[in-house]
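Take a look at the structure below.
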Amino acid sequence: MDHHTRSKISIMIFTLPAILLFSVFIIYPLLPTLFYSFFDYNGSIAKGFVGIENYLETLQDPVFWNSLSNVWRLMLAQYFLGGPLALLLALILSYNSSKLNMAFKTIAFLPSILSVTVICLLWSMIYRADQGLLDRLLMLVGKEDWIKTWLVDLSTVNWSIAAVIIWQYIGFNLILFYAGIKSIPHTFYEAAKVEGASFLQVSTKITIPLIQEIIRFVLILITAGTMGTFAHIQVLTNGGPGDVSRSVVFHLYFKAFQLFDFGGANSITVIFAIQGFIIFALISRFIARERIEYT
Amino acid sequence: MIWIVLTSFKNASEVYSSPFGLPQQWSFSNYIDSVKILGLTRYIINSFTYTVGTVILSIGTGSLFAYAAARMNWKRGTWGIQFFQTGLVIPVYTIIISLYILLRDSGLKNTFPGLIFVYSASALPITIMIFYGFFRSLPFELEESAFIDGANIFQAFLRIILPVSIPAIITTSIVVFMNYSWNEFPIAFITIDDQYMRSLPIAMTYFTTLRGTEWGLLGATMVISSLPPIILYLFASEKIENALTTASVLK
């Protein structure tokens, strides 16, 4: 049988389509991104080599820094709010797996399988200034003075966006945590049960220490996800009011396709990718020290 | 969510007068209007084509590659797997601008094959990881008996391996459908600039500006675009949860 699985020609026929497809549409595009970041480039013709001028311009651009701080704010909101909340819900659900709780788990997962557009249109109905659902609820409970133009008001717009993103992915993170908790062998809990340990004790002493890997893993997932934030911004606020709610990816999209500064946009990409690389290096240095092995 | 479904059955004035109540008359006019006025059929067909094309192409090329790496005496098999593993960490935003230029210059912009190629390429790493793991778990006797019967490797792959790979095919289809095609936003938004070629999620973002605030109408399009994933989820919630979390763990 060896001649079947050793034949160079059949190996080529099996592997080439995938390698070609991937090289052309994923690997190759990395090169022009780097290359044109050193050029004055409007997307059609490169008007000349400008060295690191694009980079200097980006680093002095207040809108770039604002969009970067928006991404970081989103990340922190996910780290300290979205992630912990998903973990807490997973702990509660696995502590008491009643039918009702399982139904909740199923429903909480639903938003993560819907398109960002649907989620964001739904939330723009909720946030809508004129007769939006949120404002109407506030009116019902008599908190009229809390009413705001949620997606326009400078003090609320970025948090309103963060709330949507946290809400959409909380069920997904919950399922990941839940699966991790369920994979802990029962023997760990038997002694605790005999001694009548409380939910809090079981969670902090047994469960959380045993799902370290999942926690690290969700952290990495959240980080990668927030860095790519684009669609939520596009649908909810279009980066506005003005440019205050832009994410970095939205900013580089705007720079390339609205201002036709493709060189500048590419320099943003490179700087942002380096920033992402540093964050992941920090996470794996200080938090995710052990390699995650799932087989 | 329920509120959206209710809204989609209400007429324009009722959306304002009783936003929380049940519709007085369950009317399908929003659904009919959304298809007629917004030209929804076109976008449903577009999204459907992109999705089916991507599922077929990524599974077709990905399973072949994974098979060679897992079960053929390919010296650089591990190298090949590592090549695609690194692909998992390339974020979309690093290539999106260059992709636009590549598609434009190659004449593939605003075409079905163009977006299907890009989607399939981006779905390839996860497809290959799933199939690679699956193929390695199969016993080698499977093909051996086929070879003894005189089959060549292509026949063995098509007739013996693929039929037993249904679980891997289903998992991958779910992941590709949910994460890489039907719901995909940034690539479609940036690389498609012909309004007739837009996918459903992209077309919907323009409906708000196009038609002001006809929330009933918009609710109907939101329901239509969410139906395929929701129906799938109702039938196989466990399977979908497993598929999507496995995929993210592989990342």
Relative contact order of region B:89-216, pairs being alpha-carbon contacts under 8 Å that are 6 or more residues apart, as %: 31 percent
Peptide A:103-109 - average C-beta neighbours from other chains (10 Å radius): 2
Cα gyration tensor category, rounded, prolate or oblate, for the protein assembly as shown with a/c compared to 1.5: rounded
Interchain or long-range residues, amide H under 5 Å from A:Phe39's placed H: A:Val50
3J(HN,Hα) from dihedral phi, region A:216-229, Karplus parametrisation 6.51/-1.76/1.60, rounded to Hz, x for glycine, proline: 4, 5, 5, 4, 5, 4, 4, 4, 4, x, 5, 5, x, 3
222 nm mean residue ellipticity, helices alone, for chain A (DSSP H n ≥ 4; -39,500 (n - 2.57); rounded to 500): -19500 deg cm²/dmol
Förster radius 45 Å - calculated FRET efficiency between A:Leu259 and A:Ile208, Cβ distance, rounded to 0.05: 0.40
Packing-based ranking, highest mean first, of B:226-238, A:7-19 given that Cβ atoms within 10 Å are counted: A:7-19, B:226-238
Shielding by partners, peptide B:182-189 (average Cβ within 10 angstrom, other chains): 5
For peptides A:219-231, A:79-91, A:177-189, sequence by mean Cβ density within 10 Å, most packed first: A:219-231, A:79-91, A:177-189
Karplus-derived 3J(HN,Hα), 6.51/-1.76/1.60, for each residue of region A:50-60, Hz, glycine and proline x: 10, x, 9, 4, 4, 5, 4, 4, 4, 5, 9
Gaussian network model of chain A, springs between alpha carbon atoms under 10 Å - residue of A:Asn266, A:Asn42, A:Asn70 with greatest fluctuation: A:Asn42
If the convex hull is drawn through the Cα atoms of region A:6-134, its volume per residue in Å³: 287 Å³
Cα gyration tensor shape of region B:95-251, rounded if a/c is under 1.5, else prolate or oblate by comparing a/b with b/c: prolate
Whether region A:60-286 is rounded, prolate or oblate, judged on the alpha carbon gyration tensor where a/c under 1.5 counts as rounded: oblate
Exceeding the 27 Å Cα-Cα cut-off - candidates A:Lys182/B:Lys239; B:Lys75/B:Lys109; A:Lys148/A:Lys255: B:Lys75/B:Lys109; A:Lys148/A:Lys255
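Each reported figure results from applying straightforward, stated rules to the coordinates on display, with no laboratory input. Keep in mind that what you see is a predicted model, and the values were worked out from it rather than measured. Cβ atoms come from the backbone with ideal geometry, glycine included; neighbour counts cover every protein chain shown.
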